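Take a look at the structure set out below.
What follows is calculated from the coordinates using simple rules that are stated; it is not laboratory data. Computed from a predicted structure; not experimentally measured. Note: ideal-geometry Cβ built from the backbone for every residue, glycine included; neighbour counts use all protein chains shown.
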Amino acid sequence: MKTIPFFVLITLALFTFSACEKGGDVVDPPSNTELIADGPWELIGQMVDPPVTVNGTPVSNEFAQLDECVKDNILDFTETGSFTIDEGVTKCDSTNAQLFNYGTWSFSDAETKITLDGNGTNNEFNVVSIDRDKLIISEIFTDNNLTFTRTFTFEDIN
């Protein structure tokens, strides 16, 4: 029986262990800025709580009340802080510009709030959740001394 020299065994062992990887590259999860810029986004839900009264009827699903020409609008964000709202395929008014709102956006409070500043208005929303497929934001507003929470759900149409 032939014996293998000790240094050959050590060399083989070193090559074997050096070929093993320890966990590979660690990939950081995308930031909210990257996620929001991954759109564009289309509105798929709009709820209000408590319900608002429309023609004497309490309504919490505002999305069902929206015209189709509003439902197909497209919200798009860039990583550099600008946004656009596109009329989509169907315009509510054929004389409207295709991009009917645009401006700048920014996160605040550890990316839990988003502010849209466009066309002379400044709106702040709470970021409820965001991932590659869905963006959910909410706003609090007061009407007739009642406080309401309106929640918007957008789907990534990319």
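If you plug the beta carbon distance of VAL27 and LYS113 into 1/(1 + (r/R0)^6) with R0 = 22 Å, you get a FRET efficiency near 0.25.
Fully extending the segment from CYS92 to ASN61, taken as 0.36 nm per residue of separation minus the present Cα-Cα distance, adds 9.1 nm. Going by neighbour counts of Cβ atoms within 10 Å, the residues VAL52, VAL26, VAL127 line up, fewest first, as VAL26, VAL52, VAL127.
Once the convex hull of all Cα atoms in segment 30-156 is built, its volume per residue stands at 121 Å³.
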